[in-house]
Structure formats: structure tokens, C-alpha cells
Amino acid sequence: MAKPLVLHEDRLFPSEASQRSIARALFAEVRGLPIISPHGHTDPRWFAENEPFSDATSLLLTPDHYLLRMLYSQGVGLDALGVQPRPNAKNGGGKPADPRAAWRIFASNWRLFRGTPSWLWLNQVFVELFGLDVELAADTADLYFDRIGAKLATDEFRPRALFDRFKIELLATTESAIDPLDHHKAIRASGWSGRVVTTYRPDTVIDPEHEAFRESFARLGEMTGEDVRTWRGYLAAHRARRAAFIAAGATASDHGHPTAATADLDPAEAEKLFGRIVSDSFSAEDAELFRAQMLTEMARMSLEDGLVLQIHPGTYRSHNPLLFGAYGRDIGADIPTRTDYVRALKPLLDRFGNEKSLTVIVFTLDETTYSRELAPLAGHYPALRLGPPWWFFDAPEGMLRFREAVTETAGFYNTVGFNDDTRAFLSIPARHDVARRVDCAYLAKLVAEHRMTIDEAHEVAFELSYNLAKQAYRVGGNDRQARSA
Amino acid sequence: MAKPLVLHEDRLFPSEASQRSIARALFAEVRGLPIISPHGHTDPRWFAENEPFSDATSLLLTPDHYLLRMLYSQGVGLDALGVQPRPNAKNGGGKPADPRAAWRIFASNWRLFRGTPSWLWLNQVFVELFGLDVELAADTADLYFDRIGAKLATDEFRPRALFDRFKIELLATTESAIDPLDHHKAIRASGWSGRVVTTYRPDTVIDPEHEAFRESFARLGEMTGEDVRTWRGYLAAHRARRAAFIAAGATASDHGHPTAATADLDPAEAEKLFGRIVSDSFSAEDAELFRAQMLTEMARMSLEDGLVLQIHPGTYRSHNPLLFGAYGRDIGADIPTRTDYVRALKPLLDRFGNEKSLTVIVFTLDETTYSRELAPLAGHYPALRLGPPWWFFDAPEGMLRFREAVTETAGFYNTVGFNDDTRAFLSIPARHDVARRVDCAYLAKLVAEHRMTIDEAHEVAFELSYNLAKQAYRVGGNDRQARSA
Amino acid sequence: MAKPLVLHEDRLFPSEASQRSIARALFAEVRGLPIISPHGHTDPRWFAENEPFSDATSLLLTPDHYLLRMLYSQGVGLDALGVQPRPNAKNGGGKPADPRAAWRIFASNWRLFRGTPSWLWLNQVFVELFGLDVELAADTADLYFDRIGAKLATDEFRPRALFDRFKIELLATTESAIDPLDHHKAIRASGWSGRVVTTYRPDTVIDPEHEAFRESFARLGEMTGEDVRTWRGYLAAHRARRAAFIAAGATASDHGHPTAATADLDPAEAEKLFGRIVSDSFSAEDAELFRAQMLTEMARMSLEDGLVLQIHPGTYRSHNPLLFGAYGRDIGADIPTRTDYVRALKPLLDRFGNEKSLTVIVFTLDETTYSRELAPLAGHYPALRLGPPWWFFDAPEGMLRFREAVTETAGFYNTVGFNDDTRAFLSIPARHDVARRVDCAYLAKLVAEHRMTIDEAHEVAFELSYNLAKQAYRVGGNDRQARSA
């Protein structure tokens, strides 16, 4: 028997009556605010071409590494979930299941997601977007697959229609430094009013240990006409691509490095190091030092061109060599590691940390650094802000731990609001909804315990839901006036 | 004036009314479930011989390192608590106090245990087993000592009677690889229906730095008839002992190593390393590498014989040399240390992490790894499961932190239910009671905040209290059907 | 329009009704207890001279690194806050703003402190001491500045009058080893009844990497008449200064080291190491080892003279070289770092950890060590106690995390009550009020969840608010009898 599926109005609010009523009041004023999504991974092609999405599996299951990871951990093969192995894959990866078969397997394992954010996000998508009112399970798998497929075929579910329906004021995608940005150009040329911008992500041309480095590096030279084999030319090429990205709306760069290491070499040393990198005679230490130096170079360029600099450090990428061989990157075997910020960021901060016109947003997958390192650093350096709980921590308890660990030292104004950080376009409203609810729940507790006034809490809820993201990412002015007007 | 001692029916449940009523409902359905105790340290002799326990001190105080540790920290000598020094002890350890005198000292320091799990466990034992209704204190010490002594002398308090009364479905003890397993044989030969099984714990024949290594290693050769001085013979000896343990009911091995390091050397290298170990010309690095390699060898054997592999890493053993000199191992000076899992487990996981028929259960004393390392790893690798909060963390707040840190990434189904991990036989029901209550409290919060449905919570409560332990430790089938039948 | 400012009677108590009513009952019995302030940084000159404080800015803003740090992080220059640059400052530090202008900037940025302990402490000071009843904001800045200034000019706001009004039973200041202690002598000579004592803080004569080391070291020799260039003379000089401090009321020493490292060298090695230090030919490792050895030497002296030994380790001092150049030490750029205790403290503990007559109080800025290292260590070694949450963690969530992480392993009696650790004299009652409220809130939860009896909670609340500090710091007997009398 299918069980009813309902979204409770008070979900994620504290159950204690006084806190719940405060949380409701706070949330009532922010739930309808437009969505600012300043960091994410949706595909700009969707908005450029505005073609319908195809089916539940390829839209909601196969690209979602949260789902793949958990199912795999319980013995479900990625082939059974419809994941395509990479060409010439070693050790297989079998023939991918067809979408309906994959969806059935997912549905019959839905219990695995109890207590996880995927349960929250997807149930909200199921109810609000697809009008489903029974729980996902083996015996409702086909109902789901068919209903979702049918809706996706309608015009109301094309990317641009959903963008409008979701009340997205701004959506940032993330492109490699050598991306031609054609989709972004097409979006702008189309006359469509949706604001979709890109983000400069130069990892493949900065990290000499990236498997795509050589090819990307060569391409960087071709695209910019710079002699990227010289240090000066290489830096000029970055400047050129940053300018092209800015022309495609970018207000930020983003850097996914194994560690948070930064360096501030003198120019001659930096040039020598670069020489070893381009001549392909570098050690692992050289590679680390080069990535470190390039963060500082990026900060220097940010001071010139205004891009906000995001650092996403601390992952052991592709920890599972079997899966990497079969399926390639980003398939769920990225594992966080201990990360140091106090010493790692010092060279960059020594150089630029006191610059009021620079914004460096730092993220972490090591929660121990929230109170010990990140809040004290962000609570001191004018250039530093803290990104929201990232990836594994983009979930209610993760968000609460972030606020509880960070606020007493860094306050709210050294944080930057929410990032959905997702390629799962349909889940964007649910993700912002969860974040706004959790922030309101946190604030409600402060108010109920007389640690903040209700008026202050209303202001802070607005900042966290909307305004801080706009300010930190420089995607629009301070709307405080707008709001009180 | 003695103060009344009562066990509140709602202990450990949230005080907020809606959460409390949900917790009550969840707990009502799991409190009576049989106890699965798949990892612990009770003495199999008790069940083989079924002799009465002697007195309160030797049963409840002297073997309990939680109690000894705290009393010692506040200036009470171990001699005053009746602890026997080791033969030829250096620096003493005075003459142990007699049991009643030791009990009086314990009773007059009972306040030290406020806020600790010992308070919860022992109060439950005092009330439920011994019918005591006044608080333990200096002036009730004799009342306690006499009442407990009198009860222990009755047939209802013999080990097997208590085993039945406690509704223990399965109890695993832990024996050294060279244990003759006589008590387990005697239990099986006795025709008694209680299911007491052993666990293969080969630390003394694997860790070349263990003070008992040489002697144990020699004994291993004698017991198995293998030439354990060859790599092949040594591995064969392990296989033989594992088989003997399996015959005595074992479904798991257990490994207490200083770190979680694993290695996957090629056979020739492994053999050379073994050569250095047996010729007693090894470095500290060799010892660490050998322990690491042996975890992988154990995993390989587990794939053959089906034993579940438990890893308990990360303790600095016998931190206090004075106490170690006087009293030997396990006397309360074991201190957790920072532990890495991401790099440490990689060799084993590279080799066997994708095996669906292998179960590796990993524990930690470093809570920072819950969300950063362990949940992401267990939420990915099919072979990996997370053990429950261990030792210092087997307590209400420790359990809540575990669920809060782990669930959002690894869910519930990559965890394995509760371990009491105790030699304190009388406290086993109280320990499971605490664990079930805390899990129900955690689930009640999720339900009250509309993050889980009540039906889901009932299912998960059953899994956490009973079924996951049976499945993970392979001590019985999935009882889902049984339950819904 | 100015918003009303009120202090709610139930602030910081849980909002759930049963917990709140228990918290109220507990707090009612401890709120009026005298203040024991055994570790802090007020200026003894205030109590010696009893001159009025001058104005709001120089009393409440400029010396408060919590405030400076946060304002600076949001782009406010220290000059605008009235901070004096150091003589011959490099890179500036502009002319300090006048007090009223600085106060206006602070007032107009007051929102930054939402959710921080500064909000709690200062609002309580504003209401209770200055009778303010509107919120601090740009448009109330002058009202505040004038009201505070007027009050400070009255006799009721002189240091000694406030000391009495605050019901301070004991206040410890902290002086450098080479401080002449004149103010303390003057206080004693004055006949005033207030008990203000000093604390022996020899960092500048122990840390060879301290910028004041050479000068301080020479001064130590002059003051004591010892030949401090010999190891024996140097130790004798410490003994002499400790005796002088004890004569000025000291019951404790305090040590702020970069790490918690201790060492126990044999005397000849120690003497050789000292030789390298005094001949100024030491490495960074020597400096670290010397600090480490000196902690053990201090412990040895504590066994002779009874001083309690406090260790405050784990800060990266003056992380921001620009600010250090302009303003010197302690201006808000001290950042916590990862700290190890298990190995670091072992040499000292091996030597003296089992001494019942020694008290070593250890603090941390690395919260990960609470449950993993510090609670297990303090829950074992008779000589070790845990200091309260320090600095960034002296705040409601920080305090709760401390209790939740520590209590289940170390109980309450291995902790030492509260330290206000402040130079902000006016905030002392508010800081103790916050600590007492949070402890009562924590205990109320335990009682409401039937994890502690109400009678026990009353006793523990008294211990945490008053008695443990007196006992641990040896500033008065056990007042249990007194209380129950």
C-alpha cells in the first residue's frame, strides 16, 4: 500500500512551541524572496537551448552524486543506476540500465535516504513540482517515472519556464577557463530576461597534476593568443579569460584545490617555478606550490578586475581507483580530509588580507576548522568571508553546526548567505527552502532564549536568505533600502 | 538521610512534549526486543561454569575501568579500590583494600559520576536488578554491599539465569587468537540454550610491539602445528585459528591497533617484512607496516571464511607509566589520539573496498572523523560500515553527536546498531536500554520536525535496536519479515 | 526611532517550559553568590589608585579585542576606533579618532555583534550599570557616550566601589615575572578590604622567541640578584619571583605557550639547553624545547610552593603582520591552531601527573581535544584539571559544547568553574552571569531528561558557580559546610 507523502508547513522548525512560532514568523517574511544562486553547477546549455528535460532518471538520479554514492555503498552497481562508463573504461562498468529500470532500483532503495538531505530535497520536488502525494517506493516507482516524464514533456517544465517559476533572480554556473562560453553568449543574445552568469574556474590550467592539464594549457594559449609558456604570457592569458568571463556575467572565480595552501613568492622565484611546471619537470611539491602561488596571483587579479575569489579546498578526489577507472571523475568517491587554514592562507593574507576591496570566500569540508580557524580568521581579516556549509554539510544538522560554531566569533556579517552548489536544477528551490528554514530555526532559538531581539532576527533572516549573497558576490546592491521602502 | 532512588520512565527522552510522546511511542516497540550483543568482553567462564558472582566490589567496581579512572583522577588510589597489583610490580600498588572497604570508598565518591553514563548504567542496575530505592552514598554503602551480596548468592543471579532474564539472544565475547576456547566448548557441550560466541582477536600474534608477542607467537605455532616462522605458515596458522573460532561460533574478528593504517604490499615484500618481524630485527615503522599489512590479510581471509572484520584504532595505550608498572594494562590510562582514516584505510579499500560480500566495521575515538572521513567513506564503499560510538563516547551526548554527524551523509543503513563492548555483564541491559532510548530520542526529533515520518521512524528504531546488528555481524537473517508477520 | 533595550530575566535559559522552570530554580540559588575571578587581566593600578575611569571609549571599546577584531573584519580601521599606534609604527596606523567619534562608529556598527557574546555582555553592562533602556545605534551613540561618561565621573563608579558592588570575593590579575608588583603592594598597604591578587606569568623570561626576552631576562637577574646566566641561578630567580608573587597574594602561575609541549630532560641536558638559550645561539627547536622543559620546572616548583599551574597553549600570535607592525601585540590577530595534548603533556605527566598535591589547569582553543584528549586525560590524572572554555569559546554555545563534550568522561569535578579572563572590568558581573546561566541551562536539561536529580543539580550549580574555582585555585576552603550550615 502506498503511503501518503505530504510536506509539512513547519518542517525543519523546532517543535517547542515558542521557538516554532518565532521561526514561522521569520520564515513567512523570507520564504518568498527571490533566489540568489551565486555558486552552482547547472548546465548553461539548458537555458541557452531551452529544450525539455527527458526523464526522471537522467534528470534526477544519474547526475546526483549524493544518490549514486549512497546506493553504491549498499551494493547497488552504478550500471544498474544508468551511469555511462567512460570510453575505454578499465574493469568495466557494465552496460547502463535503461532509465525506467534504474528508477525502479532507486525507488526500491529509497529507505537508504532517511535522515539525509536528499530525502528533504527530493520529497519537496516530488510534491511541489510533480504533485505526487504518495511516497516513493518499489510499488510507486512507475507512477513516479511516468508522472515525472509526462510533466517534463510540457512547456511549463522547460528550463526557462522553471527558472521563472523558481523566482531565480540570479543563477551562476561554473565553467572551465577554456570554455568558449557559447551557451552564455547564446543566453545573452536570446533576449531572455533570466540572469544566468558564469564563474571562472581555472583548475585545469592551474593544477599541473590534473589529468586535463596539458591539453587545457595548450588550449588556453590558443584561445588567448598569449605565449602561455612564459610566466608573463600565462598570467596575461588568465587576465584575458577573466575578462571574457566577466563579459559573460561572471562576478567570481572558483578554485578547487587539494589543500588551502597559498604562497607569495617573489616574481623571480615564481617564474622559475613556472618554468619547471611548463617543462613538465616538476615534483609534487612544485605542483602544490604552484597551485598555492596561483591563488595569490588570482587575488592580485581580483584586486584589478573585481572578481570575488572562492576557495574550495580539502578533498581527496577519486579515492576509489576502481570506480575512477570505470567511470572517471566526480562519481562519488571524493572524501574530505583534514585541512589547515591558519598557516595555509597566511601568505595570501599577509599580502592581501587587509584589502577592503577584495573578497575571498573560503569553504571547508573539515568542520573542526569552523570555530578553531575559520571564524577567528574571518572575524579578523577584512578580505575574508566564510562560505556556507558545503557538500556533505549542506544539510540541516550541518548548517546548524556551522552557525553554532561560527556566529559567536565571526557574527553573521562575515558569512555570505547560501549556495546551492548543485547541478540538480529542479532541487534549487528546495535547497534554498531548507537553508532558509534552518536559518530561521537557528534565529528562533536565539530569540526564544532572549539572545537576540525579534526585530534583529527579522533583519538577519533577510540578510542570510538574500542580501548577503548579493553583497558578497557583488551581484547587486544592498537591498536594505529597497526592502524597507 | 538517604535520598530516594527512582528510574524515571521517560529518562533520556527530550522534555519537549511532542518529541517526548513520539519517543515514548517508538521506544515502546523496541524496549522489549531481545538483546544482540555482537561485541563485548564478558568472561565465557561465567557461562561455562555458571558459578555465582561473589560480591559487589569484585563484580561491579574493580573490573570497571570507567569507575577506576574517575576515582583515580580525584586522588583515590587503586589499592583503596581493591585492585590487585601485578606480580613483581614496580613502585607499588599497595595492598588491595578488602571488598567492603573499597565499596565504601566508591560509595562516598559517587557524586563524581554525575553527568556520566556510569551514573545511568549503575543506577539502573541498582534499581532493576537489586531493588534498591535509595541513592548510593557513604551512609548507604553497607546497605548496598549487603543487598547486592545477598542477591548474588541466589540462583536467580547465576550467570545463565541472568542471561535468560536479560533476554540476550546472542552474546559475543572476545578471545585472544591463542585462547584454547575451552569455555566456549564447555558452553556448547553443556546443552544450555544460551548463544554465547567468541570473536577472533589476534592482536598479540600480530603486533610485534605487544609485550606478549613472542610468547603468543610461539604458542600460535604450537597450537596449529604450522611453521609460523615462515610467512606462508604464519598465514596458515591464522586460517586455522579462525576456523577454530568459527567452530566456537565466531562471526567476526577484532583488531585493536594504535592507528587505522592498512597496507597492501606485494607478496614478496610482505614476506620480507615478515622476515624482519620474526627475526626480531624490526623498526617501529616495520611494526606499524606489519600491523597494517595484516589488516589487509585479515580482509582477504574474511572474503574466504566470512568473518566480519572490526577495527578499533587510535588509542595511546597505558599513557601512565607509573600505573602500568604497578597494575599492567587496561587500568584506565588509555587515551585517544587523532586518527586518520582517509589515507590509512586506502590500501585495504583499494584492494577490497568494493567487495559486497566483505564487511569491515570501523570504530573511532576521534569524533572529528565522523563527518569528515568516516561517514563519507562508509557512505561510499560497499564493504565499509560504521561501528557505534565507542568507549568514551558510549554515552547519551556521544551517541547523539554520532547520529547528528553521520546520518546526513551515511544514513542509518551504513551503521551497525549498538555494541555494549563491556565486561560488566550486569550492566548489559542498561547499556542497551540507554542506546535504544537515545536513538528513539534522536528519531523523535526528526519526526517532530517533519524530517522523517513516524512510520519510517518505527522501522528505523527497530533496525537500530535489533536488526542492523544481526545483519552486520551475520548472526541471523533479516528479521523484517519476522517482525511484520 | 530608538528601540527599547531590556534584559529578559530568562535570558539564556531553554525555552521549553520544564527546562526553563528548572533552570530558573537552579539559577535563583547561585545568581547572588560572590564572584570568584581567579584568572583575568584587569589592571591592578585601578584598585591601587581608585581614580575614576575616563570615558566609554577608552574603558569599553579600545581595550576590548573582541570588539576591535570584529569591526576591523568589516573594514573599520583601528585608527577610527581610537587605537593608538605603537611608537615608530611601520605602515601607519593613522591618528586615532577622538573618543566620541570612535564611539559613534562603534555604535553604528553594533549590528555586527548580533549572536556574539559581546552583545550579551555589553547589553547587560548598559542596562544594569548605566541604566540605559534604548538599543545602541547610530542615533543613540551620543546618549550612550554622555550617560556613560557622566556615571563614570561619580564616586559610585570608581574601581573600588564597583568591586564591592560587583560582590567580588577574589580578583586575580596577571603580571609579568619582572613586574615590581607595586600596585599590589599599594592595594595591601591601603587597608582596603578588597581581595585583589596577582598571578605569576613568566612568559617573557621563559620564551626566548618573545620580543621582550632579552630585556626581561636581564631585568630578572637585577631584581633577584641571581646570576641568571647559570641554570641554577635562573631557576633560583624564578623561585624568588614566585615567592614575591605569593607574598602579593598569588596562588597560581600562568603560561601562554604556542603549544602544549612539555619536556623532562635530565638536569645535564637541561643545563646545556639553557646554555644555548642564554648564549643566543639557539634554534627554533631549542626554543620550543626550552619552553617545554620550563613547564616541567614550574610544576616542580609548584610542588614546593603550592602555586597552581595554568597552561594556555595553541595560539598563532600576531597572525597579521601589517597590524602587528602598526599596533603591536594583542590587537586581535591571534588565531587558534590545532593542538595536541596526549603526547605534548606526557613528559610532565610522566613526572608529576600522579601527584595529588599538584594542580595543573589546562586550557584549549582547539575544541576537538575536549572529548578526544582533555577529558580522558583529566578523567585520569590526579594532577590535571580542565580550565573553562577560553577566549573565542567563552560564549553560550562554546560553553555548552564544552560541558557536552567533557562531562560524560571527566564529570564536573575535574573542571574548575568559570574564568572571566578579561581586562574589561565592567563586564565581569555579566560574564559570570552568562556562565552561571549557561551552566544552569545545561543542568536543567539533564534534570528534565532524568539524567540527574534536582538535588544533585543544585549542588553542582553551586560547585560550578563558586566552589570549584575556590578549590582549584586554592583561594579558600571548601565552602560546602558553610553553605549547608
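The numbers here are math on the coordinates, done by the rules we state, and not lab data. Remember, predicted model here, so these are calculated numbers, not experimental data. Glycine gets a Cβ as well: all are built from the backbone with ideal geometry, and neighbour counts include every protein chain shown.
How do B:188-195, B:409-416, B:72-79, A:45-52 rank on mean C-beta neighbours within 10 Å, highest first?
Numbers: B:188-195: 12.9, B:409-416: 25.5, B:72-79: 19.9, A:45-52: 17.2.
Averaged packing, sorted descending, gives the order B:409-416, B:72-79, A:45-52, B:188-195.
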Distances in nm, one decimal, shortest first, from A:VAL134 to the same residue in every other copy, taking the label point 7 angstrom along Cα→Cβ. 6.3, 6.3
For the pair B:ARG317 and A:SER357, the simple spin-label estimate (label points 7 Å beyond Cα toward Cβ) gives in nm 6.3 nm
C-alpha center-to-center spacing [segment B:353-432, segment A:39-91] in angstrom: 30 Å
If we sort A:103-111, B:26-34 on the protection proxy, mean other Cβ atoms within 10 Å, highest first, what's the order? A:103-111, B:26-34
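Taking beta carbons within 10 Å but only from partner chains, what does the mean come to for residues A:16-29? Please report the intermediate quantities before stating the final value.
Numbers: counts 12, 6, 4, 4, 4, 0, 1, 0, 0, 0, 0, 0, 0, 0.
Going residue by residue through A:16-29 and averaging, the value is 2.
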Once a ≥ b ≥ c are taken as the square roots of the eigenvalues of the Cα gyration tensor of the protein assembly as shown, is the result rounded (a/c under 1.5), prolate (a/b larger than b/c) or oblate (a/b not larger than b/c)? rounded
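So what is the 222 nm mean residue ellipticity for chain C from helices alone, if each DSSP H run of at least 4 adds -39500 (n - 2.57) and you divide by all residues, rounding to the nearest 500 deg cm²/dmol? Show your work: numbers first, answer last.
Values: 21 runs with 215 residues, N = 485.
-13000 deg cm²/dmol, from helical runs alone.
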Average beta-carbon neighbours from other chains, 10 Å sphere, peptide C:405-417: 6
Taking the beta-carbon count within 10 Å as an exposure proxy, list C:MET301, A:MET399 from fewest neighbours to most. C:MET301, A:MET399
How many Cβ atoms of partner chains, on average, are near each residue of B:356-362 if near means within 10 Å of its Cβ? 1
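Sort C:PHE13, B:PHE53 so the one with the fewest other Cβ atoms within 10 Å of its own Cβ comes first. Numbers along the way, then the final one.
Numbers: C:PHE13 24, B:PHE53 20.
Ranked by crowding around the Cβ, least crowded first: B:PHE53, C:PHE13.
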Where the centre of each part is set by its Cα atoms, how far does segment B:122-159 sit from segment A:232-266, in angstrom? 71 Å
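To the nearest 0.05, how large is the calculated FRET efficiency for B:GLU29 and B:ALA268 if R₀ is 51 Å and r is the Cβ-Cβ distance? Walk me through the numbers before you get to the answer.
Details: r = 56 Å, r/R0 = 1.10.
In this case the efficiency is close to 0.35.
At a 10 Å Cβ-Cβ cut-off, how would you order B:ILE335, C:ILE454, fewest neighbours first?
Details: B:ILE335 29, C:ILE454 15.
With the fewest neighbours first, B:ILE335, C:ILE454 line up as C:ILE454, B:ILE335.
Name the trypsin sites (Lys or Arg not before Pro) in segment B:332-372 that are in a loop by DSSP and that have at most 12 other C-beta atoms within 10 Å, would you?
Here the sparse-neighbourhood loop sites are B:LYS356.
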At 7 Å along the Cα-to-beta-carbon direction for both B:SER54 and B:ALA17, put a label point, then send me their distance in nm to one decimal. 5.4 nm
Quick calc, chain A, dipole around Cα centre from Cβ unit charges on Lys, Arg (+) and Asp, Glu (-), nearest 20 debye, gives 360 debye
How many angstrom lie between the C-alpha centres of segment C:175-191 and segment A:314-347? 57 Å
